[in-house]
Amino acid sequence: MVNRSTEVRHLHALCVLAQELHFGRAAQRLNMTQPALSQLIRDLEGKLGFRLVERTTRRVLLTGPGRSFLAEAEAILLHLDRAIETSRAEAGQAANSIRIGAILPTSFEFLPSVLASFRRRYPKAEIHIESRESPQLVTAVETGALHVALLRPPKNAGTLSVETLRREPFVAAMRTDHPLARTELLHLDDLKKECIIRIARGDLRDAFDEIDQQLEGAGLDLNQSRSADTTLTALALVCAGDGISLVPAWAATLPWKDVCFRRVEDLSACIDLAVAWEATNLPPIAQHFIDVARRTALLS
């Protein structure tokens with residue numbers, strides 16, 4: 001029989017550690033010290049009688065039994081959250097807390113606009129925001145760790161409801177002293193002699209593959225290009241004078257030193273921003289957030 005002294009805090013700690021696979025980051029999210037988190041996991045392992053994680057100096061991995069237990073722990077926490085929210089509703093006490101996930105690009109413009117409108121309806125709401133990559137956000141919403149997420153649409157939404165809010169164009173990023181910086185509106189043909197810094201993201205392959213196809217269709221030789229793993233890395237290389245990059249338009253809202261952005265007239269590739277949620281027992285406060293996100297997207 002499982003030790004009855006196993007507590008919700010043990011399960012929550014394991015779930016956060018499984019998302020981060022890093023004791024330092026997980027401890028920060030849990031508002032505790034790293035030694036305290038390590039002790040909590042050791043306590044849970046002691047109660048269960050088997051190892052949940054394998055620790056090395058470089059990484060943390062779940063054991064086979066750990067993965068199996070994690071699935072059950074996530075289900076328990078999800079059922080607990082739903083029970084609390086359902087009971088509050090029956091008692092006439094609407095839930096006043098919302099857990100929102102968001103990819104980094106939304107933090108600079110879109111998410112602040114949504115939250116400003118949301119606050120007018122729920123001025124006393126407890127808003128919890130977590131910034132993660134899209135695949136991690138999908139998992140967090142699926143397991144109930146988050147009510148809703150702003151992310152790039154997943155190829156496989158599973159049980160989630162996913163709605164595209166807007167399509168964001170790409171712009172050309174270059175140093176302010178680059179000759180093309182003097183031209184306000186570019187065309188793909190203008191980039192033929194340039195070194196293109198391409199963004200190679202496995203989880204966003206469709207959007208960036210579309211750019212590659214349009215560049216090759218315009219006669220650009222991508223064999224001479226460079227690769228960067230993120231938009232921010234690409235912009236750092238642009239700052240260094242290594243070439244020109246085609247980046248999502250959100251990047252142009254940031255105050256980059258010595259970098260300017262230009263629209264490319266015949267570049268039609270876009271990257272989508274979506275909102276995702278688990279429709280089962282969605283609390284009213286989360287539904288309102290989704291409605292506000294829709295209206296904000298229409299106005300932006």
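The values are calculated or read from the model by the stated rules, or taken from the named source; none is laboratory data. Given the structure is predicted, the values throughout are model-derived calculations rather than measurements. Glycine also receives a Cβ, built like all others from the backbone with ideal geometry; neighbour counts cover every protein chain displayed. Side chains included, ligands, DNA and RNA excluded: accessible areas come from the protein's heavy atoms. Shrake-Rupley method; radii C 1.70, N 1.55, O 1.52, S 1.80 Å.
Overview of values
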item: Stretchable slack from H22 to T164, in nm (0.36 nm times residue separation minus alpha-carbon distance); result: 48.0 nm
item: Whole-angstrom gap from region 269-300 to region 163-178, using each part's C-alpha centre; result: 22
item: DSSP bridge pairs, the chain: antiparallel proportion in percent, nearest 5; result: 60
item: Accessible-area value, R175, 1.4 Å probe, nucleic acids and ligands omitted, Å²; result: 60
item: Amide proton proximity set for S97, modelled H, under 5 Å, gap of 5+; result: E126
item: Extreme residue, positive dipole direction of the chain, given options H10, P179, A125 (C-beta unit charges); result: H10
item: Paired Rg and Dmax values of region 130-262, which use every Cα atom, in angstrom; result: 16.6, 51
item: Phi to ³J(HN,Hα) by Karplus 6.51 cos²θ - 1.76 cosθ + 1.60 over region 252-264, Hz, x for Gly, Pro; result: 6, 7, 8, x, 6, 6, 6, 10, 10, 10, 10, 6, 10
item: Estimated translational D of region 20-71 in µm²/s (Stokes, Kirkwood radius over Cα pairs; 10 °C; 1.306 mPa s); result: 140
item: Relative contact order of region 117-261, defined on C-alpha pairs under 8 angstrom at six or more residues apart (%); result: 29
item: Integer Hz, Karplus 6.51/-1.76/1.60 couplings in order for region 174-188, x for Gly and Pro; result: 8, 5, 5, 9, 6, x, 6, 5, 7, 9, 6, 10, 9, 10, 4
item: Length-normalised contact order for the chain - Cα pairs under 8 Å, 6+ apart - percent; result: 21
item: 1.4 Å probe accessible area per residue over the chain, in Å²; result: 52
item: Percentage relative contact order, region 133-198, counting C-alpha pairs under 8 Å, at least six apart; result: 20
item: Zone residues, region 219-263, relative to E184, backbone N less than 15 Å from point 7 Å out along Cα-to-Cβ; result: 261-263
item: Within the accessible area of region 194-279 (1.4 Å probe), percent carbon and sulfur; result: 45
item: Approximate spin-label separation T253-E265, in nm, with each point projected 7 Å along Cα-to-Cβ; result: 2.8
item: Residue-wise HN-Hα coupling along region 266-271, computed from phi with Karplus coefficients 6.51, -1.76, 1.60 (Hz; x: Gly, Pro); result: 9, 9, 9, 4, 9, 10
item: Inter-label distance for L232 and M32, nm, one decimal - labels placed 7 Å from Cα along Cα-to-Cβ; result: 2.8
item: D272 long-range amide H proximity, modeled H, under 5 Å; result: E168
item: Area projected by the alpha carbon convex hull of region 195-290, averaged over all directions, nm²; result: 8.3
item: The chain - charge dipole about Cα centre, Lys and Arg +1 at Cβ, Asp and Glu -1, debye rounded to 20; result: 980
item: Amide H within-cut-off set for R226, under 5 Å, with H built and near neighbours excluded; result: I196, I197, R198
item: Peptides ranked, highest mean first, by Cβ atoms within 10 Å: ranges 111-118, 214-221, 246-253; result: 246-253, 111-118, 214-221
